[in-house]
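Worksheet for the structure shown next.
The values are calculated or read from the model by the stated rules, or taken from the named source; none is laboratory data. Small disclaimer: the values here were computed from a predicted structure and weren't measured. Neighbour counts are summed over all protein chains in view; Cβ atoms, including those assigned to glycine, are modelled from backbone coordinates with ideal geometry.
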Amino acid sequence: MARRTIEVDGERWEVYPSGRTTAYDRDEFGLVFEKGTGPARVRRVTRYSPTGARRWDAALAGLSVSTLHDLFKQSQPAWTSPETSYAR
C-alpha cells in the first residue's frame, strides 16, 4: 500500500489510503493520517477526489506536501468515520 509521510506541528504523520470502497470509489478515496502506535496511536480521516482518471496510488504519490497539509486540516478524528470502523 502506498504511504507518504508529512510533518504537522513538529509531529510525523503517515498518510495512506483507507482501502474502504464506496459507490464513488472511482471518483474519490479515503485518506488516513496516522501517528504513533498501539494505544497511543492517533488517526484522522478525510476523503480526496483526484482530478483526471488517476488511480488512487498514483493520485496519492502525486500530491504535494502543501496539498497533504490542507487535507490534514480538513480531516476528522477516526471515531467519526466509517473508514476506520468508527474506532477511537
Practice item. Specify the residue that is surrounded by the fewest Cβ atoms within 10 Å (Cβ to Cβ); the eligible residues are those in the stretch 75-88 that are within 13 Å of the chain's Cα centre (by Cα), of a type in the set (S, T, N, Q) and modelled with pLDDT under 90. Key: Thr84
Study note, to complete from the structure: Among the residues of the stretch 42-74, the number that are under 13 Å from Pro17 (Cα atoms), among the polar types (S, T, N, Q) and within 11 Å of the chain's Cα centre (by Cα) is 1
**Study point:** Selected residue [modelled with pLDDT of 90 or more, under 16 Å from Arg3 (Cα atoms), surrounded by 14 or more Cβ atoms within 10 Å (Cβ to Cβ) and hydrophobic (A, V, I, L, M, F, W, C)] from Phe29, Phe72
**Key:** Phe72
